[in-house]
Amino acid sequence: MNPLLEMHDIDAGHDRLQVLWQVGLHIDEGETVVLLGANGAGKTTLLRTLVGLHPPWAGSIRFAGEDIARMPSARRIRAGIAYMSELGVFPDLSIADNLALGGYFLPAAERRAQQQAMFARFPDLARRPRAAAGSLSGGQRKMLGVAKALMGRPRLLVMDEPSAGLSPKFVDEVIGILRQAGGDGLAMLIAEQNVRFLDLADRGVVLDGGRVAAAGPVAALREDDAVRRAYFGML
Ligand code: ATP
């Protein structure tokens, strides 16, 4: 089986500062991959490169068999790549409008149907659809971010630190939401510093100083000395 996503030898940076060095990554259809790395390891730069918000200096990106390295981000969304940034939602807009934005490229009738599907799937969001997203709790806000990203029926959901700013209780909630979202063949790439997200994942990739330091099935990563030292406070 060909992977859904293949990134090879990605170099990228900001101005003249190189941040990513020959980074490679692949994700199969329906697979969940967690991208671990400390602050500044380059996770956000890699995700933004994947979704088309940051031009790579070198390397290739293939999605569903198509070369997308130079494709504008709006086309990548239509091709099936959804991105949830650390911010996730627009706090001043209503819950319903945030969802509508997530499916902005759908025909109006389909957008409304998808909105209803999201309200059915996440009933907490259906209670006060006209309320500002900023009035939601931290966990519910992430739920809205996920629902907004799912509006366009993506094949790959790319998320930047869904646990950022959340208390441990809400982290559990978000992990539950993502476990639920991961059905239906959806593939996910989740950048995180919180190792608890490995519980969700089929595989993990560890970025260190902009390079892939370790990658593999979660069980193997948990046994990797460097990973244990860096993330589990062991050894
Ligand atoms: P964090 O968890 O803090 O978001 P990260 O792993 O996502 O970390 P990046 O945000 O990709 O890391 O940052 C990698 C490096 O690139 C850091 O040294 C950062 O200071 C630098 N950097 C990020 N964005 C810019 C920018 N717009 N201009 C210049 N340097 C940047």
ask   = Any idea which of L87, L99 is assigned to a loop (DSSP other than H, G, I, E, B) and either modelled with pLDDT of 95 or more or within 27 Å of T45 (Cβ to Cβ) (or both)?
value = L87
ask   = In this structure, does P72 turn out to be without any contact (Cβ under 8 Å) to a residue 24 or more places away in the chain and more than 20 Å from I190 (Cβ to Cβ)?
value = yes
ask   = With respect to M159, is the statement that it is open to solvent by less than 40 Å² (accessible area, probe 1.4 Å), in contact with a strand residue (DSSP E or B) (Cβ under 6 Å, 6 or more places away or on another chain) and touching a residue at least 24 places away in the same chain (Cβ under 8 Å) true?
value = yes
ask   = Do you know which residues across the range 11-55 are within 8 Å of the ligand (Cβ to nearest atom) and open to solvent by 60 Å² or more (accessible area, probe 1.4 Å)?
value = H14, D15, L17, N39, G40, R48
ask   = Could we say that L186 is under 14 Å from the mean Cα position of the chain (by Cα), more than 16 Å from the ligand (Cβ to nearest atom), buried (at least 19 other Cβ atoms within 10 Å of the Cβ) and not polar (S, T, N, Q) here?
value = yes
message = Can you tell me which condition R62 does not meet? The list is (1) open to solvent by 70 Å² or more (accessible area, probe 1.4 Å); (2) in contact with an Asp or Glu (Cβ under 9 Å, 6 or more places away or on another chain); (3) under 25 Å from V171 (Cα atoms); (4) not small (G, A, S), and all the others hold.
response = (3)
Residue pairs meeting the criteria (Cβ under 9 Å; at least 6 apart or on separate chains; first free of Cβ contacts under 8 Å to residues at least 40 places away in the same chain and at positive phi, in the range 198-221; second in a strand (DSSP E or B) and open to solvent by 30 Å² or more (accessible area, probe 1.4 Å)) = G216/R203
ask   = Has the range 72-82 got any residue that is open to solvent by 70 Å² or more (accessible area, probe 1.4 Å), out of contact with any His (no Cβ under 8 Å at 6 or more places or on another chain) and part of a strand (DSSP E or B)?
value = no
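The values are calculated or read from the model by the stated rules, or taken from the named source; none is laboratory data. Because the structure is predicted, anything quoted here is derived from the model rather than measured. For neighbour counting, all protein chains shown are included, and Cβ atoms are generated from backbone atoms with ideal geometry for every residue, glycine included. For the accessible areas, the whole protein counts, side chains as well, though only heavy atoms, and no ligand, DNA or RNA atoms are used. Shrake-Rupley method; radii C 1.70, N 1.55, O 1.52, S 1.80 Å.
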